[in-house]
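See below for the structure under consideration.
The values are calculated or read from the model by the stated rules, or taken from the named source; none is laboratory data. Note that the structure is predicted; figures quoted are calculated from it, not measured. Here the Cβ is made from the backbone with ideal geometry for all residues, glycine too, and neighbour counts use every protein chain on show.
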Amino acid sequence: MIFTTNIIAIRKSIRNISLLFFVLFSSSLSAELQLSISKSANDGIPIYIANIAATIPGGHSGIIEADLKRSGRFTIVDRAKIPNIAPFGGTLNAVAYQDIADYIVRGKDDGNGGLSIELISTSDNAKTNYQITANTNPRRPAHKAADQIFEKITHEKGAFDTRLAYVTVINNASSKRMFKLFVSDADGYNEQEIMSSREPITSPTWSPKGNELAYTSFELNRSGIYIQNIFTGAKRLISGRKGSNNAPAWSPDGSKLAVSLSFTGNPEIYTINVSSGALKQITKSRAIDTEPTWNGTNSIIFTSNRGGKPQLYRVSASGGVAQRLTFSGKYNSAADVANNKMTFITGNSGAFHVAIKSVNGGSGKDMLSNGRMDETPTLAPNGTMVAYTTLRGGQNTLAVVSDNGKAKQFLKSALGDIRYPAWSPYLHR
Amino acid sequence: MIKLLSKHPGALIGAVIFHLLIIALFILSFDWSEKPKGIEAGIPVAIVLPEANTLEVPSSTVKAEPKKEPSEKPDDPGEKAEQLKKEQQKLAALATIAATEKALKEKRKAEKKLAQKKAEKLKLEKQQKLKAQKLAKAKEAKQKAKQEAEKKAEKERLIQKQREEEKAQEEADKKAELDKVEAENAAKAEEEAKAEKKRLEKKAAKKRAEEKAQEEAEAKLEEEKAEKRRKERAEARKEERRKEKLEEEKKAKKEAKRKAKKEAAKKLAKEKAEKEAEERKAKERAEKRAAKEKVERAERAAKAKAEEEAKEKAEKAAAIKAAKAKKEMAKKLADKKIRDESRRKWEEAQAKKKADAAAEAKKKAAASAANKASSDKARNGALNSWGSKVERHVRRHWEQPASSSGSVAKVRITVSNSGYIVGGVKVLSCKGPPAFCASVKEAFTNAEPLPRTEGKYRFKNSDRTFTMTMKSN
């Protein structure tokens, strides 16, 4: 009886905590990150966005403008160039503005947080309407609108309504050092703490459904890979084997984690079934094999120094002979794959930059960054933007750059160093 | 690891000392000495053997009481007193025993304590001794290690010295070699210098000989020149004499001439005088003749005058006649002129009319051509402008894939009036990765609808067909 009562009390307290956590996550909090656009899109598609007022900072139009600008594909036309434009739903001869913009966006907040959007082409006056429902996060309707506009114009799925996970190190130089795992909107707003620890937290990775994070934590004074539900807070240990348990990467179907374990002596790539915990060894060599990332469901790309220096290799998800992918440069590592594009770190004359290349293309690569110590790049799910950490003013800062290199944005935390960013998949809720 | 240690001698020494310390401690942890007796064994509790006098102290526990035989007699007061006395004695003895025992116990205790203290002291001493031994051993080991290190250092110094000596020897050998080579070179150079000197001397001698020859030649030349000059002088003198002679002859001639001239002048004067005289005569004659002629002239003049007057008269009449004729002629001419003039004017007017008409026609044709040209120009301009718009529009929608730098593609498309591509995108050529070629096609399809042409120009499909070259960054 007493035991049952205790169980009930425990369950009740867990429920209350998770509800509190859910409410905290869904509600809007004041942004802690500062934004600055360092390079605007050049020769992008000119688009005019009429003012769409809202109670949130910048209004819906401000969020849509910032999203489209960040993709590196659009040039935002100054509102002064079309003064006194007819409001949403009003008559508009868009063809008259052909020389100013290719598209005109008008919108209206329905008063409950929902959004109505008109996208008008100036070449033929064609109009497309969108209805976005309200969300507990008042910024999300504008992100969803930006996704719709992006998809209509570029024929690529938008990835503005997504999230970023990252680790912030507070009081790094003191004995009171704390590691905090955060999740925020993809533009850095609405930051929410998922967990904190005095011991390091590294390499968060998103589940395909976007409701769980797997990460490495040293909270038991040794490395372990954990899975935590970001809404309920429920957490479990997936691997706490002897040696290092590191660099988890979730498979696209959500059934497995690719990890780097060293319990046999040197780090090798394994897959762990998330439900059963079944372990399968993928690589077997005397080298250090680490930082796995999935390339579809059937192959894994990882970093290995089996050739003498760190390079990227691809291996079947069921194991076998690894095929080398990178040949130019002495150092290539930390790959992330999305939409047939691969971003990675490449060493060049003592500095480390972010590069991008086609997964199935030739050996050529495009450089996206020019910092001295750029690390841990992660791709948006549509492959159009890359988030990575860079050393700026003595502090690790989060940077987001478009895949064509035309737009760059820095997200600096007032709390401390930002590390290990991970871009979420498309959101379902 | 050995290689690493050999690079850091300090670390090597420290490692050796540490290992030796461990060995020393290990060795010292064993009890190599004979088992010590009694206290030296470090047994905290001293085993105290009982002293001789204590053996005789009756033990209250051992004492066997004599068997008390039951007295057959009834209690006698004397016996009672004796018994009492005995008991008292017994008690006193017991008390004494007890006191003695107590004293013994205390003594034993004290001795025990003393022994304990002694044992502790010994233990401490032993420990100190061990410590000292350990220190000594460590010191020894350190000393040994130091010595070994010094030996090693010495060895290394020797090796280094040897190496340096070898190096010095090598250098010396090299230097000797170099010196040898230098000497050889010097000798060679000397020989060459000698040869050169010889050659120079030869050359100089040759030069001297040449110079000498030249001098001789010059001297010879000089002599010849002097000879020549002498000859020339002689000839000059000869010439001078000849000239002088000529001069004298000339003078003589001149003199003769002058004389002849003088005579001629005399003759001339004489002739002149004669002439004058003749002239006077002739003049007179001429005057006479002139007078005569004058008269005759006057007569003639009068005659001529009369003739002239008659002639004038005739001429006048003729002139009047001529004037009349002329007038008539002029009139005829004037009439003709007027007629010609009017005809000419009429012809001119006709010609002008014709020319005007031609000019008008030409002007019209030119205007029409200009209109057509400007219309064509405007049309072409509109087409070019539309082409630029299409190019700009497609470029904005074209996302080049990563790692496609240097790629080029050529495509042909036809755009309908509504801005949509007719018949698909025809890729004429593509030099680049497959992703780049695919992105070129996607650029056009993503960009639809393309900008439209201006409605006032009726562009045909052929006008709205163009070829575009797409180059990556």
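Looking only at strands (runs of 3 or more DSSP E) that fall completely inside the stretch A:305-370, which ones have 3 or more residues that are closer than 25 Å to A:THR205 by Cα and among the small types (Gly, Ala, Ser)? Working first, answer last.
Working: elements: A:311-316, A:332-338, A:341-348, A:351-358.
Counting at least 3 such residues, we get A:332-338.
Residues that are in contact (Cβ under 8 Å) with a residue 40 or more places away in the chain and within 11 Å of chain B (Cβ to nearest Cβ) were ranked within the stretch A:357-385; the one that is farthest from the chain's Cα centre (by Cα) is A:VAL359.
Residue-level analysis places A:ALA422 among those that are touching a strand residue (DSSP E or B) at 6+ places or on another chain (Cβ under 8 Å), within 30 Å of A:GLN148 (Cα to Cα), more than 14 Å from chain B (Cβ to nearest Cβ) and not in a loop (DSSP other than H, G, I, E, B). Against the test of being in the same structural domain as B:THR465 (by TED's automatic domain parsing) and either more than 27 Å from A:LEU68 (Cα to Cα) or in contact with a Pro (Cβ under 6 Å, 6 or more places away or on another chain) (or both), the options B:SER403, B:SER374, B:SER429, B:SER385 yield a single qualifying residue, B:SER429.
Please indicate, with yes or no, whether at least one residue in the stretch B:414-421 is within 12 Å of another protein chain (Cβ to nearest Cβ), part of a strand (DSSP E or B) and either touching a residue at least 60 places away in the same chain (Cβ under 8 Å) or surrounded by 10 or more Cβ atoms within 10 Å (Cβ to Cβ) (or both). Yes, the stretch B:414-421 contains a residue that is within 12 Å of another protein chain (Cβ to nearest Cβ), part of a strand (DSSP E or B) and either touching a residue at least 60 places away in the same chain (Cβ under 8 Å) or surrounded by 10 or more Cβ atoms within 10 Å (Cβ to Cβ) (or both). Looking at B:GLU177, B:GLU218, B:GLU232, just one residue is among the acidic types (Asp, Glu), free of Cβ contacts under 8 Å to residues at least 40 places away in the same chain, assigned by TED's automatic domain parsing to the domain that holds B:PHE18 and part of a helix (DSSP H, G or I), and that residue is B:GLU177.
So for the stretch B:157-171 (the condition being within 30 Å of B:ILE23 (Cβ to Cβ) and touching a helix residue (DSSP H, G or I) at 6+ places or on another chain (Cβ under 9 Å)), does at least one residue qualify? Within the stretch B:157-171 (the criterion being within 30 Å of B:ILE23 (Cβ to Cβ) and touching a helix residue (DSSP H, G or I) at 6+ places or on another chain (Cβ under 9 Å)), the answer is no, since none of the residues qualifies.
Would you check if there is a residue in the stretch A:379-393 being out of contact with any strand residue (DSSP E or B) (no Cβ under 8 Å at 6 or more places or on another chain), in a loop (DSSP other than H, G, I, E, B) and outside the structural domain of A:ASN137 (by TED's automatic domain parsing)? Steps first, please.
First pass over the stretch A:379-393, keeping only residues out of contact with any strand residue (DSSP E or B) (no Cβ under 8 Å at 6 or more places or on another chain): A:393.
Of the ones still in play, those that are also in a loop (DSSP other than H, G, I, E, B) are A:393.
Filter again for outside the structural domain of A:ASN137 (by TED's automatic domain parsing), leaving A:393.
Within the stretch A:379-393, one or more residues are out of contact with any strand residue (DSSP E or B) (no Cβ under 8 Å at 6 or more places or on another chain), in a loop (DSSP other than H, G, I, E, B) and outside the structural domain of A:ASN137 (by TED's automatic domain parsing).
The criterion of at least 2 residues that are among the β-branched types (Val, Ile, Thr) is met, among strands (runs of 3 or more DSSP E) falling completely within the stretch A:193-290, by A:201-206, A:224-229, A:268-273.
Kindly evaluate A:ARG241 against the criterion of being surrounded by fewer than 23 Cβ atoms within 10 Å (Cβ to Cβ) and either within 15 Å of A:LEU213 (Cβ to Cβ) or outside the structural domain of A:ARG222 (by TED's automatic domain parsing) (or both). Answer is no for this residue.
Return yes or no: is A:VAL354 closer than 18 Å to A:ALA249 by Cα, more than 9 Å from chain B (Cβ to nearest Cβ) and among the aliphatic types (A, V, I, L, M)? Even if it seems obvious, please write down each step before you answer.
Working: closer than 18 Å to A:ALA249 by Cα: no; more than 9 Å from chain B (Cβ to nearest Cβ): yes; among the aliphatic types (A, V, I, L, M): yes.
Criteria not met by A:VAL354.
Just so you know, in the stretch B:395-413 the residues that are touching a helix residue (DSSP H, G or I) at 6+ places or on another chain (Cβ under 7 Å) and within 11 Å of chain A (Cβ to nearest Cβ) include one that is surrounded by the most Cβ atoms within 10 Å (Cβ to Cβ), and it is B:PRO401. Can you name every one of the strands (runs of 3 or more DSSP E) wholly within the stretch A:101-181 that holds 1 or more residues which are within 14 Å of chain B (Cβ to nearest Cβ)? Output list reads A:103-109, A:115-121, A:127-132.
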